[in-house]
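The values are calculated or read from the model by the stated rules, or taken from the named source; none is laboratory data. Computed from a predicted model, the values in this text were never measured in an experiment. So basically every Cβ, Gly included, is an ideal-geometry build from the backbone, and we count neighbours across all protein chains shown. These accessible areas exclude ligands, DNA and RNA; they are computed on the full protein's heavy atoms, side chains included. Shrake-Rupley method; radii C 1.70, N 1.55, O 1.52, S 1.80 Å.
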Amino acid sequence: MSPSGKANGLRNRIRERRAGLSLTQEQLGQAVSQTRQSIIAIEQGRFTPSVHTALMLAAALGSSVDELFWIDTGNGHEEEKWNVN
């Protein structure tokens, strides 16, 4: 993670899910105890939320964390699935 709180390659679908539920950035921020500015930064990929905030976002948007966030590996695959044995 960079010093700015941005993880390289992390992508999200927060904006799409929020818009699909007709929520404003302000409303989503209130639901997860974040500011509208924080929601904007997360949606734009300028800030990586904490695990706690990611879980709260998923709950507020009726999604799982892995539906909202993924790592873009740059190899042409949108999502990288990790298999742990």
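Worth a mention:
- If the condition is being at pLDDT below 95 and either under 17 Å from H52 (Cα atoms) or open to solvent by 40 Å² or more (accessible area, probe 1.4 Å) (or both), then the stretch 4-36 contributes S4, G5, K6, A7, N8, L10.
- Of all the criteria given as (1) part of a loop (DSSP other than H, G, I, E, B); (2) modelled with pLDDT of 95 or more; (3) not basic (K, R), the one not satisfied by L57 is (1).
- Pair list, Cβ < 7 Å and 6+ apart or interchain, from the stretch 8-29 residues that are in contact (Cβ under 8 Å) with a residue 60 or more places away in the chain to residues that are charged (D, E, K, R): G9/D72; R11/D72
- Hits in the stretch 37-64 - residues which are loosely packed, with under 14 Cβ neighbours inside 10 Å and either touching a strand residue (DSSP E or B) at 6+ places or on another chain (Cβ under 6 Å) or closer than 19 Å to K6 by Cα (or both): Q37, Q44, R46, S50, V51, H52
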